[in-house]
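Here is the structure we will look at.
The values are calculated or read from the model by the stated rules, or taken from the named source; none is laboratory data. No experiment lies behind these values; they were computed from the predicted model shown. Reconstructed Cβ throughout: ideal geometry from the backbone, glycine too, with neighbour counts over all protein chains shown.
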Amino acid sequence: MTLVEFLVKTATIVAVFGLTLVIAMYSTWAERKVAGFIQDRSGPNRAGWGGLLQPLADAGKMFFKEDFIPALANKWLFIAGPSLAMLTALLASAVIPFGSTFRIAGHEVPLQGVESNIGILYVFGVVALGVYGIMVGGWASNNKFSLLGAIRAASQNISYEVAMGLSLIAILMMSSSLSLGEIVAQQHGMNWNIFYQPLGFIIFITCSFAECNRVPFDLPECETELVGGYHTEYGSMKLGFYLFAEYINMFISSAIISVLYFGGYNYPGMDFVYEQLVKSLGTEVGHNVATLIGTAVFFGKALFFVFFYMWVRWTIPRFRYDQLMNLGWKKLIPLAIFNIIITGAAVLFLKPVITAWLN
Amino acid sequence: MNSAVSFFYFLSFLTILSAVMVVVSRNPIHSVLYLILTFFTLSGHYILLNAQFLAAVNIIVYAGAIMVLFLFVIMFLNMKQDHEESKTNLTKIAATIVGGTVFVILFGAYRKTAIEPFNPQTYDSQIGMIESLGHMLFRDYLLPFELASILLLVAMVGAVLLGKREIGERHF
């Protein structure tokens, strides 16, 4: 790997990292604006225009609060909890393809941190690790409510990971690749996976709600039963990290949903747009502008799902714990297995028939 | 020394250090966390050997699922009081003998193994990739693969049967 290559990769990764943080930061603002809109009030509107400086004000407040560690808490693990939550939340953004390629002086630079042939497994592994931040923090607080919240979070995440993995298998059977770049490239134009996998999509989005601990599955921080859940004992920026990690997770899972089911940077008529741009602006500039449009489309889709998360949060009440477990184990997993069988049958028998008929 | 070799030594050092810490730590939660670190460094070794699928699956299955259950159980046990009375000299001696025997067996097995010399011409660097792994599993090793899955199915049915409430048992 040459030095230039290395620098370009570093720049891409830093850009992806910064972008994820900025989007997560403004999700906190958007959440309160959406809540305000749904509840017929204005939301934050004091700091900056339309409250746009509110996230900065919040961060400042979090930093200047007293950094308190309970006397009987396990000090190192108490600090490690929020750090782990932040770390695992940020790791997954490395493999998401944000767009096709940039052409700079004859070189193709993919808009993706790391193109790996196990991309989706990597994401799945990182998601599986997400539970450690909560568990370690909840246990280290030395508080019964924190521990109960952490245990709930862990069992919920483990249960819904199974259904999530099973719903992914149907996608993998169709794309026959684990690479996220490859899966997006196959959904060229309007050939999105949502049209082939509506059931898989519903299972996947339900599971991602549960994995992010969002309403209606936010049992780990159910304040009527558990005070504040796993972060009862936390304050200042450590609490800020936990809350922030949730917003990063939301953005990442929205991006993954848009990549897996809604074609990522693909949009209908993209070939036509590409041709027109190349004709009028030249191969290099035209290609780059087309890529930028694709990236904008990608962010449009991802941010729509972020909005969807907020919309659901302010609309639906939370489940009871046994309902949550019944939904996960007794409904979603059988449905996901059914989906796999249907997909397998369709790939084996239906696809040759339709291809023969179309030709 | 090229970067791969130095990275290998760094990873090996971390692996052994965290594995030793698993045994040495007084707090069981710390032990579990060190064990998770050990799995991570092992995944690093898999990636160095170009076995990416194995690395990812190692993380998902061991670090992501099994260790969470470990942590789960240990968190429920009340580890505040040290149960020093259970660690008598007899158990310590027995544990040393058992561990030493395993070490001797492993060391003997290691000394007997003949590692084939590395041939750069015929060596396929893509052998650990998921495509070749899939071909290998579903072509050459189909029967063992299916038998292993049947074994897992039997284990799953057994777990469900054991976990099921019997008729008339109290709902808590």
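Results, tabulated for the structure shown:
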{"quantity": "Close pairs (6 angstrom Cβ cut-off, 6 or more residues apart or separate chains): closer than 11 Å to A:Ser253 by Cβ in the stretch A:198-218, assigned to a loop (DSSP other than H, G, I, E, B) anywhere", "calculated": "A:Phe209/A:Phe217; A:Ala210/A:Phe217"}
{"quantity": "The stretch A:144-165, residues that are of a type in the set (S, T, N, Q) and within 27 Å of A:Leu199 (Cβ to Cβ)", "calculated": "A:Ser155, A:Gln156, A:Asn157, A:Ser159"}
{"quantity": "Pairs where the first residue, in the stretch A:292-307, is of a type outside the set (A, V, I, L, M, F, W, C) and the second is at pLDDT 90 or above and surrounded by fewer than 18 Cβ atoms within 10 Å (Cβ to Cβ), C-beta under 8 Å, 6+ apart", "calculated": "none"}
{"quantity": "Residue in the stretch A:73-85 that is closer than 29 Å to A:Glu211 by Cα, surrounded by fewer than 20 Cβ atoms within 10 Å (Cβ to Cβ) and away from chain B (no Cβ under 14 Å) present", "calculated": "no"}
{"quantity": "Residue within the stretch A:42-63 that is within 14 Å of chain B (Cβ to nearest Cβ), of a type in the set (Ser, Thr, Tyr) and either touching a residue at least 12 places away in the same chain (Cβ under 8 Å) or part of a loop (DSSP other than H, G, I, E, B) (or both) present", "calculated": "no"}
{"quantity": "Residue among A:Leu166, A:Leu147 that alone is among the hydrophobic types (A, V, I, L, M, F, W, C), within 8 Å of chain B (Cβ to nearest Cβ) and surrounded by fewer than 24 Cβ atoms within 10 Å (Cβ to Cβ)", "calculated": "A:Leu147"}
{"quantity": "Some residue of the stretch A:317-330 being on the phi > 0 side of the Ramachandran plot and not aliphatic (A, V, I, L, M)", "calculated": "no"}
{"quantity": "Residue selected from the stretch B:154-171 under the condition assigned to a loop (DSSP other than H, G, I, E, B) and of a type outside the set (Gly, Ala, Ser), by the criterion modelled with the lowest pLDDT", "calculated": "B:His171"}
{"quantity": "Where a residue in the stretch B:50-74 is facing chain A (nearest Cβ under 9 Å) and its partner, wherever it lies, is assigned to a helix (DSSP H, G or I) and of a type in the set (Asp, Glu), with Cβ under 8 Å and at least six apart", "calculated": "B:Gly64/A:Glu161; B:Ala65/A:Glu161"}
{"quantity": "Residues within the stretch B:1-48 that are away from chain A (no Cβ under 14 Å), in contact (Cβ under 8 Å) with a residue 24 or more places away in the chain and outside any helix (DSSP H, G or I), tallied", "calculated": "0"}
{"quantity": "Residue within the stretch A:126-138 that is within 12 Å of chain B (Cβ to nearest Cβ), over 22 Å from the mean Cα position of the chain (by Cα) and at positive phi present", "calculated": "no"}
{"quantity": "Unmet requirement for A:Gln112, which otherwise passes all of (1) facing chain B (nearest Cβ under 9 Å); (2) farther than 20 Å from A:Gly328 by Cβ; (3) within 19 Å of the chain's Cα centre (by Cα); (4) not hydrophobic (A, V, I, L, M, F, W, C)", "calculated": "(1)"}
{"quantity": "Near pairs, Cβ below 6 angstrom, 6+ apart or cross-chain, from the stretch B:113-130 (in contact (Cβ under 8 Å) with a residue 12 or more places away in the chain) to any residue that is surrounded by 10 or more Cβ atoms within 10 Å (Cβ to Cβ) and not in a loop (DSSP other than H, G, I, E, B)", "calculated": "B:Gln126/B:Ser132; B:Ile130/B:Phe53"}
{"quantity": "Sole residue being closer than 26 Å to A:Asp322 by Cβ and among the hydroxyl-bearing types (Ser, Thr, Tyr), chosen from A:Ser146, A:Ser179", "calculated": "A:Ser146"}
{"quantity": "Some residue of the stretch A:90-104 being closer than 19 Å to A:Tyr132 by Cα and without any contact (Cβ under 8 Å) to a residue 40 or more places away in the chain", "calculated": "yes"}
{"quantity": "Meets criteria (touching a helix residue (DSSP H, G or I) at 6+ places or on another chain (Cβ under 8 Å), in a helix (DSSP H, G or I) and surrounded by 14 or more Cβ atoms within 10 Å (Cβ to Cβ)) for A:Lys279", "calculated": "no"}
{"quantity": "Meets criteria (of a type in the set (Ser, Thr, Tyr) and either under 15 Å from the mean Cα position of the chain (by Cα) or within 30 Å of A:Ser179 (Cβ to Cβ) (or both)) for A:Ser208", "calculated": "yes"}
{"quantity": "Test set (1) polar (S, T, N, Q); (2) within 14 Å of another protein chain (Cβ to nearest Cβ); (3) part of a helix (DSSP H, G or I) - A:Asn117 fails condition number", "calculated": "(3)"}
